[in-house]
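A.B. asks: Sharing a structure below in structure tokens format, with a few things to ask.
The values are calculated or read from the model by the stated rules, or taken from the named source; none is laboratory data. These numbers come from a predicted model, not from an experiment. FYI the Cβ positions are ideal-geometry reconstructions off the backbone, even for glycines, and counts take in every protein chain you see. Remember, those area values only see protein heavy atoms, side chains included, never the ligands or the DNA or RNA. Shrake-Rupley method; radii C 1.70, N 1.55, O 1.52, S 1.80 Å.
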Amino acid sequence: MLLRLPTSLSEARRCLADGAVPVGGATLVWAQWQRDGFPEQAVSLRRLPEANAVDAQTLGAAVLLHQVDERVPEVLRRAAASIGTGAVRRTATVGGNIVGSTLRCLLPPALVLDARATVMDGDGPYEAELAEVVAKRPLMLDIRWRSPLVSGYYKAPGEAGGPPPLVVATAVHAEEDGGRRLLTAVRDGGEVLSGSVPATADAGRVLGALEGTALGGLPGEARDVVRREVADVLGRADA
Ligand SMILES: Cc1cc2nc3c(=O)[nH]c(=O)nc-3n(C[C@H](O)[C@H](O)[C@H](O)COP(=O)(O)OP(=O)(O)OC[C@H]3O[C@@H](n4cnc5c(N)ncnc54)[C@H](O)[C@@H]3O)c2cc1C
């Protein structure tokens with residue numbers, strides 16, 4: 001297998017045109033390749049500057065999970081810190097998690113940040129919705145979002161190899177008209193649901209409005225956690 005390490009977007013595009021398969025830290029694909037056979041070419045973005053950005057509004061796809069630190073909003077940082085073991089976090093990448101893993105603990109945080117992805121095909125980079133990235137699995141260069149006022153993350157305790165633990169991600173955003181909006185995303189079992197409602201001063205009303213979104217269909221225990229997390233993030237937004 002030829003591992004290609006492009007240092008520019010045009011080089012990365014050539015790798016795709018040549019049929020190279022994306023690889024992050026290979027924490028998932030290595031076993032699969034050993035079992036099913038190695039591809040002729042793979043492309044890693046670890047030397048591509050655009051895929052290594054970390055700041056208040058951008059996270060590159062080649063960034064390792066343990067490098068996701070205070071530069072990004074709390075919801076993303078805490079999610080990354082909750083994934084796997086220290087050894088996994090030192091090897092696995094943001095792109096491998098969002099595009100290539102089944103658990104995708106970074107997806108609910110990205111949804112509540114209203115993030116969009118920069119992806120690439122044979123014609124070059126373009127912006128895509130996260131739903132498209134998950135469904136079509138293009139080469140992802142980064143995710144970008146608008147900074148929230150506050151955000152929060154909860155992951156239920158779980159056992160390795162057990163069912164996916166409940167994840168609740170929340171963020172309150174300032175809107176252009178001076179109002180605020182609460183975005184909430186929940187991973188319950190294998191499904192990720194999200195809801196977006198105005199974040200008014202009355203927490204009871206906000207929770208009531210959330211019941212009218214897809215989150216209203218969650219089982220009772222998960223809804224209790226959502227209520228607790230939402231109350232917490234609204235309280236911090238008002239502080
Ligand atoms: C012990 C263990 C515990 C784990 N626990 C969790 C957990 O709690 N929560 C969780 O969410 N995940 C968990 N994971 C999964 C972990 O997050 C993944 O191993 C990791 O995200 C895959 O990243 P990688 O960079 O190694 O991807 P790779 O193994 O290199 O690639 C995986 C897939 O993603 C594709 N890919 C990689 N980068 C890109 C890119 N930039 N664009 C498009 N496609 C790309 C590859 O083509 C491949 O199909 C766990 C894994 C292990 C081994």
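A.B. asks: Can you list residue pairs whose Cβ atoms sit under 9 Å apart, with the first residue in the stretch 78-93 being farther than 20 Å from Val29 by Cβ and touching a residue at least 60 places away in the same chain (Cβ under 8 Å) and the second being of a type in the set (Lys, Arg) and surrounded by 16 or more Cβ atoms within 10 Å (Cβ to Cβ)? Count only pairs 6 or more apart in sequence or on different chains.
C.D. replies: Sorted first by the residue in the stretch 78-93, then by its partner, the pairs are Arg78/Lys155; Ala79/Lys155; Ser82/Lys155.
A.B. asks: Tally time: how many residues in the stretch 150-177 are buried (at least 22 other Cβ atoms within 10 Å of the Cβ), over 22 Å from Gly24 (Cβ atoms) and small (Gly, Ala, Ser)?
C.D. replies: Number of matching residues: 3.
A.B. asks: For the stretch 156-176, give me each residue that is at pLDDT below 95 and either more than 15 Å from the ligand (Cβ to nearest atom) or in a strand (DSSP E or B) (or both).
C.D. replies: Of everything in the stretch 156-176, just one residue is at pLDDT below 95 and either more than 15 Å from the ligand (Cβ to nearest atom) or in a strand (DSSP E or B) (or both), namely Glu176.
A.B. asks: Continuing with the same structure: Looking at the stretch 186-206, which of its residues are open to solvent by 20 Å² or more (accessible area, probe 1.4 Å) and either assigned to a helix (DSSP H, G or I) or free of Cβ contacts under 8 Å to residues at least 24 places away in the same chain (or both)?
C.D. replies: Scanning the stretch 186-206 gives Glu191, Ser196, Pro198, Thr200, Asp202, Ala203, Gly204, Arg205.
A.B. asks: Turning to a different aspect of this structure: Among (1) over 22 Å from the mean Cα position of the chain (by Cα); (2) surrounded by 20 or more Cβ atoms within 10 Å (Cβ to Cβ), which single condition is Glu221 missing?
C.D. replies: (2)
A.B. asks: Something else about it: When the residues of the stretch 115-149 are filtered to those that are acidic (Asp, Glu) and open to solvent by 80 Å² or more (accessible area, probe 1.4 Å), which remaining residue is modelled with the lowest pLDDT?
C.D. replies: It comes out as Asp123.
A.B. asks: Over 23 Å from Trp145 (Cβ atoms), over 17 Å from the mean Cα position of the chain (by Cα), within 12 Å of the ligand (Cβ to nearest atom) and open to solvent by less than 70 Å² (accessible area, probe 1.4 Å) - does that describe any residue in the stretch 63-84?
C.D. replies: no
A.B. asks: Which residue out of Ala12, Ala51, Ala56, Ala20 is among the small types (Gly, Ala, Ser) and within 9 Å of the ligand (Cβ to nearest atom)?
C.D. replies: Ala51
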